[in-house]
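Where a number appears in this text, it was derived from the coordinates with a stated rule and is not lab data. In this text the structure is predicted, and so the values were computed from the model without any measurement. Neighbour counts are summed over all protein chains in view; Cβ atoms, including those assigned to glycine, are modelled from backbone coordinates with ideal geometry.
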Amino acid sequence: MAHDYEQMWKDLGLDLAAHDALLQVLGKGYEDIFLSQSDRPQGMDYFNFVMSEVHGLRIKELMEEKKAGRKVIGSYCVFVPEEIVRATDSTLVGLCAGADFATEEVERLLPRNTCSLIKSAFGFKLGKVCPYVESSDMIVGENTCDGKKKSYEILDTLVPNLYVMDLPQMKSNEGHALLKGEYFRFKEAIEGLTGVTIDATRLRKGIEIVNNKRKAIHRLSELRRADPVPIFGLDALLINQVSFYDDPIRFTESVNKICDELEVRVREGKGGCPQGTPRILLSGCPMVVPNWKLPWIIEQSGAVIVGEESCVGERGIRNLTDDSGAALDELMEAIVDRYFKIDCAVFTPNPDRLEHVKQMYADYRGNGVIHYGLQFCQPYQIESLPVEKVLEESGIPTLRVDTDYSMEDVEQIKTRVEAFVERIGMSTCSACHFSLS
Ligand code: BJ8
């Protein structure tokens with residue numbers, strides 16, 4: 001792949017040696033974690049291919065779109081409304097990163113006790129290894145947690161095209177009005193960037209494309225309620241992760257295709273794990289490529305992940321946008337209503353999320369919840385305590401795991417997860433054990 005795309009990466013200003021090293025580590029990790037699983041659905045071949053070309057063919061496609069006059073918008077948060085971006089035929093890509101990179105350089109700009117997700121995003125920019133950042137015509141930052149909000153002030157000095165979106169922190173009428181104002185301001189900014197005026201027809205089309213993507217993931221999620229589970233949690237997470245990079249229409253088709261296959265598995269009572277495998281609901285911070293450490297540990301410990309209460313998961317794709325409005329303003333209002341329901345821990349208070357975790361646990365027929373907090377993530381680490389309390393009061397076994405992107409704590413987490421899986425008292429599944437070595 002490197003040979004074919006080297007000139008493109010050079011033109012984007014990537015550091016070819018550092019980028020090659022990153023791709024090698026990623027490729028090896030992917031092989032060890034994903035390709036070593038047994039009994040994967042055939043439909044995963046498509047997602048394997050996307051991953052193998054995530055810095056290659058997909059970037060080439062984006063370059064071609066740009067040549068044809070279309071724009072690429074990069075984002076770090078699921079609050080950035082993709083419908084508005086699609087309404088101008090532009091493409092939204094996720095820029096969050098899930099691996100440490102250029103840590104020394106990052107820590108010259110950000111305090112050491114900044115969460116890995118923010119540090120990693122900076123590391124990928126400073127280390128010149130992310131073709132998505134470099135191909136973005138606009139990068140959208142958002143005022144969510146303090147770490148992101150303040151770090152965007154520094155990011156603004158590193159990129160030429162940062163747009164900062166203000167977001168509410170309370171689910172009040174004033175919060176709703178703030179979000180509405182910000183989405184209208186964003187619409188104008190996107191129109192200014194692209195030269196395309198968004199009308200009702202365009203916006204409805206954008207809503208349709210994004211809703212279809214969500215519906216396909218909803219379908220996949222529903223299938224994970226079956227016992228035996230027809231797909232490993234790692235693969236389902238990967239599909240969610242790919243949704244942030246892939247062409248949305250092709251992605252939707254590919255998810256629906258794998259769902260057809262999974263439906264047959266469910267009908268025939270087949271799956272990667274035998275019936276009775278302990279079922280874990282993951283809850284907490286978003287997990288972006290290539291942050292697979294905790295899910296890998298969980299599934300290696302003889303459990304299967306049946307759902308993710310996360311922005312790379314159900315929190316991000318949960319509700320559809322109502323497309324029944326005739327006028328542009330009605331459709332914009334529907335977009336605001338849809339996004340205002342996102343129960344990110346940056347909101348205070350945030351009772352909806354506590355209810356949602358419990359609801360997901362019931363819907364996905366869980367046997368336990370593992371709460372994942374990134375170290376130094378105040379919103380999710382602080383909220384993990386009420387989450388644990390509410391779950392334990394309902395008799396739901398809960399384990400809180402706070403970690404970062406390093407591999408230093410793998411053994412320690414493994415010991416805790418294995419004990420938890422044993423505690424939830426179900427039979428373990430030998431088919432779920434696969435090795436990283
Ligand atoms: S809507 S979860 S994508 S803000 S892990 S950077 S919160 S300190 S990512 Fe998020 Fe939007 Fe919310 Fe979702 Fe801060 Fe925590 Fe780091 Fe985080």
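Relative contact order for region 307-421: what is it in percent, counting Cα pairs under 8 Å that are at least 6 residues apart?
Details: 98 pairs, mean separation 20.9, N = 115.
Normalised by residue count, the contact order of region 307-421 is 18 percent.
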Note down, for region 246-322, the three equivalent ellipsoid semi-axes (square root of 5 times each alpha carbon gyration tensor eigenvalue), biggest first, whole angstrom.
22, 20, 12
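By how many nm would the segment from Arg225 to Phe49 grow when fully extended, if each residue of separation counts as 0.36 nm and the alpha-carbon distance is taken off?
On the way: separation 176, 0.36 × 176 = 63.36 nm, distance 2.66 nm.
Separation in residues times 0.36 nm, less the Cα-Cα distance, equals 60.7 nm.
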Work out the FRET efficiency for Ser36 and Asp409 from their Cβ-Cβ distance, taking R0 = 30 Å, and round it to the nearest 0.05.
0.85
Filter the cross-link list Lys187/Lys257; Lys150/Lys389; Lys149/Lys358; Lys67/Lys125 down to pairs whose alpha-carbon distance in this structure exceeds 28 Å.
Lys187/Lys257; Lys150/Lys389; Lys149/Lys358
Find how many whole Å separate the alpha carbon centroid of region 3-63 from the alpha carbon centroid of region 300-366.
29 Å
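Using only alpha carbon pairs under 8 Å that are at least six residues apart, calculate the relative contact order of region 74-185 and give it in whole percent. Walk me through the intermediate numbers first.
Values: 133 pairs, mean separation 25.4, N = 112.
Rounded, it is 23 percent for region 74-185.
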Among Ala21, His55, Leu35, whose Cα projects farthest towards the positive end of the dipole of region 1-106, with charges put on the beta-carbon of Lys, Arg (+1) and Asp, Glu (-1)?
His55
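Need one word for region 14-159: rounded, prolate or oblate. Basis is the Cα gyration tensor (sqrt eigenvalues a ≥ b ≥ c); a/c below 1.5 gives rounded, then a/b vs b/c decides.
Oblate is the answer for region 14-159, as a/c is 1.5 or above yet b/c matches or exceeds a/b.
Where does region 301-437 land on the Kirkwood hydrodynamic radius, alpha-carbon pairs, in angstrom?
On the way: mean 1/r = 0.0585 Å⁻¹.
So the Kirkwood estimate lands at 17.1 Å.
Could you tally the net charge around Thr252, taking each other residue with its Cβ under 15 Å from the Cβ of Thr252, Lys/Arg +1 and Asp/Glu -1? Display every interim value, and only then the final one.
Working: positive: Arg86, Lys205, Lys213, Arg214, Lys215, Arg219, Arg250, Lys257; negative: Glu82, Glu83, Glu208, Asp246, Asp247, Glu253, Asp260.
In short, +1.
What are the equivalent ellipsoid semi-axes of region 144-290, built from the alpha-carbon gyration tensor (square roots of five times its eigenvalues), in whole angstrom, biggest first?
Rounded to whole Å, the semi-axes are 36, 20, 15.
So what's region 55-114 giving for Rg/Rh, alpha carbon basis, Kirkwood Rh from the mean inverse pair distance? Display every interim value, and only then the final one.
Numbers: Rg = 15.2 Å, Rh = 13.8 Å.
The Rg/Rh ratio comes out at 1.10.
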Pulled fully out, how much extra length does the chain show between Asn173 and Lys60, if you take 0.36 nm times their separation in residues and subtract their Cα-Cα distance?
36.3 nm
Sum of -39500 (n - 2.57) over DSSP H runs of 4+, divided by residues of the chain (222 nm, nearest 500):
-16000 deg cm²/dmol
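Using Cα pairs closer than 8 Å and at least 6 residues apart in sequence, work out the relative contact order for region 1-140, in percent.
Numbers: 137 pairs, mean separation 43.6, N = 140.
Relative CO of region 1-140 lands at 31 percent.
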Overall form of the chain per C-alpha gyration tensor (a/c, 1.5; a/b vs b/c):
rounded
For region 207-342, treating each Cα as an identical point scatterer without solvent, what Debye log10 I(q)/I(0) comes out at q = 0.09, 0.12, 0.22 1/Å?
-0.29, -0.50, -1.34
Shape category assigned to region 127-228 from the gyration tensor of Cα positions, a/c cut at 1.5
rounded
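For a quick protection proxy, order the peptides 112-119, 199-206 by their average other-Cβ count within 10 Å, most packed first.
Numbers: 112-119: 20.2, 199-206: 18.2.
Listed from highest to lowest mean packing, they are 112-119, 199-206.
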Computed label-point distance, nm, for sites Arg108 and Ala419 using a 7 Å Cα→Cβ extension
4.2 nm
